[in-house]
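A.B. asks: Here it is, the structure in full.
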Amino acid sequence: MRFSSCTKEIEISSIRKAFEGAGPDAVNLGIGQPDFDTPAHIKEAAIKAIEKGMTGYTPNCGYPDLQKAVSEKFKRENDVDYLPSEIMVTSGASEALFLAISALVDKGEEVLMGDPSFLAYKALTHLVGGKPVGIPLNEDLRMSPQAVEERITPKTKAIVICSPSNPTGAVQTKEEVKAIAEIASDRGVTVISDEVYEHFLYEGEHVSPARFADDVITINAVSKTYSMTGWRLGYLGAKGDALDQLLKVHQYIQACASSISQAAALAALTGPQDCVKAMRDEFKVRRDILATGFKEMGVDLKVPQGAFYLFPKAGNGDLAASSLANAGVIVVPGSAFGPGGKEHFRLSYTASRDKIEEALRRMRGIL
Ligand code: PLP
């Protein structure tokens, strides 16, 4: 087969490579998904949906009651007004990112993103023939409005903001988010705001850029918030008639998100939220155990305010990751997320406290 050059240009996620060769006793701190089960009331809603025969296609943009619940969620939690008709339900945030990038970017146009940032932004930009442009992060691992402004060119079509961030866990301040949203708006650049980690916040505040500008596609998912990564259910909000364009892509690649998962997501968004708090509290304890351990070892770490990742500096991140793998701790080299990450490695605290303590024991003497 003669594959397209856009496809050939993309590499398979190097996160997978980090797991290869891991021994059976290795502590895996490489995975980016919560280690909790989906809360029972959410699973019940899905079971009921199956029993009620909700097994056909749904409207392309999702069930109207879910669109309404998402619209209310945006208002309640993010202080952003999206009408239910401005909401599209997608197969995870992953699909929403693809919709946004493919609907916006023409061949040769540029997409700004943090360097380092979540791998999909770069790969999806390549996939549509666009050009990813990395924005170096400041020493607190955040994107500064000035660095953004300096990299906008006439070819810039979109900028991806991810706060709290994967891989750094850093949280942009309200002033930064506002400034970036306003700069983008002034220059005709669409903000794609990836907010999947919004609820994993231990200090600081999560601020949606859509509060400050209209030219924003806000992307979120139930994946991380409710420990539902396998349910493949995300959503986006976009103002005005943006959905008309986004819908064309969604309609032909996906038709609609899973009907069963939509019923589950409705229960997640409208039901009790104490499960989210319980997960956040547990992640904070784990983050603090690791941060204290690293401090004792003298590891250079900016303790992040959010997500469930730490991004310590280790001189040569690739070398650190392979030494740690040899010692039985799987982490991801920071270079996997862009050249700006090469001195770092990423670890996820999505493993039990016992496993984290064990990982710290193994890391002593190596870092
Ligand atoms: N955005 C970020 C920053 C992520 O880290 C991930 C998954 O790791 C996703 C989006 C994808 O989310 P989903 O599982 O909902 O497709």
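Read-outs: derived from the displayed coordinates by stated rules, not from any lab. Note that the structure is predicted; figures quoted are calculated from it, not measured. Glycine also receives a Cβ, built like all others from the backbone with ideal geometry; neighbour counts cover every protein chain displayed.
A.B. asks: Could you tell me the extents of the chain's C-alpha atoms along the three principal axes, largest first, rounded to whole Å?
C.D. replies: 56, 52, 50
A.B. asks: FRET efficiency for residue 323 and residue 241, Cβ-Cβ distance as r, R0 = 51 Å, nearest 0.05?
C.D. replies: 0.45
A.B. asks: Between residue 289 and residue 37, what length in nm is gained on full extension when 0.36 nm per residue of separation is reduced by their alpha carbon distance?
C.D. replies: 88.5 nm
A.B. asks: Take the alpha-carbon centre of region 174-205, take the same for region 333-366, and report the distance between them in whole Å.
C.D. replies: First find each Cα centre; the distance between them is then 27 Å.
A.B. asks: At R0 = 30 Å, how high is the FRET efficiency between residue 252 and residue 211 if r is their beta carbon distance? Nearest 0.05 is fine.
C.D. replies: The calculated FRET efficiency here is 0.40.
A.B. asks: With a cut-off of at most 11 other beta carbons within 10 Å, and DSSP calling the residue loop, which GluC sites (Glu not before Pro) in region 113-151 qualify? Please list them.
C.D. replies: When the GluC sites (Glu not before Pro) of region 113-151 are filtered for loop state and at most 11 Cβ neighbours within 10 Å, 139 remain.
A.B. asks: While we're on this one: Just to verify a number: FRET efficiency for residue 353 and residue 8, C-beta to C-beta distance, R0 = 56 Å, to 0.05?
C.D. replies: Step by step, r from the Cβ atoms, then E = 0.85.
A.B. asks: Nearest 5 percent is fine: what portion of the DSSP beta bridges confined to region 169-275 is antiparallel?
C.D. replies: 55
A.B. asks: Next question, about the same structure. Treating only the Cβ of Lys, Arg, Asp and Glu as charged (+1, +1, -1, -1), what charge dipole size does region 129-247 show about its Cα centre? Round to the nearest 20 debye.
C.D. replies: 400
A.B. asks: Before rounding to the nearest 500, sum -39500 (n - 2.57) across all DSSP H runs of length at least 4 in the chain and divide by the residue total; then give [θ] at 222 nm in deg cm²/dmol.
C.D. replies: -12500 deg cm²/dmol
A.B. asks: Among the lysines, which have Cα under 25 Å from the Cα of residue 284 when same-chain residues fewer than 8 positions away are ignored?
C.D. replies: Reachable lysines: 73, 174, 224, 295, 302, 313, 355.
A.B. asks: I've got another one for you. Where both residues lie in region 40-270, what percent of DSSP beta bridges are antiparallel, nearest 5?
C.D. replies: Percentage antiparallel, nearest 5: 35.
A.B. asks: About its Cα centre, what dipole magnitude does region 40-270 give when the only charges are +1 on Lys and Arg Cβ and -1 on Asp and Glu Cβ, stated in debye to the nearest 20?
C.D. replies: Dipole about the Cα centre, nearest 20: 720 debye.
A.B. asks: Let me ask you something else. Which loop-located trypsin sites (Lys or Arg not before Pro) does region 1-92 contain, where loop means any DSSP state but H, G, I, E or B and the Cβ has at most 11 other Cβ atoms within 10 Å?
C.D. replies: 2, 52
A.B. asks: At 0.36 nm per residue, minus the direct Cα-Cα distance, what do residue 151 and residue 85 gain on full extension? Give it in nm, one decimal, please.
C.D. replies: 20.4 nm
A.B. asks: Provide 61, 256 in ascending order of the number of other Cβ atoms located within 10 Å of each residue's Cβ, fewest first.
C.D. replies: Sorted ascending by nearby Cβ count, the order is 256, 61.
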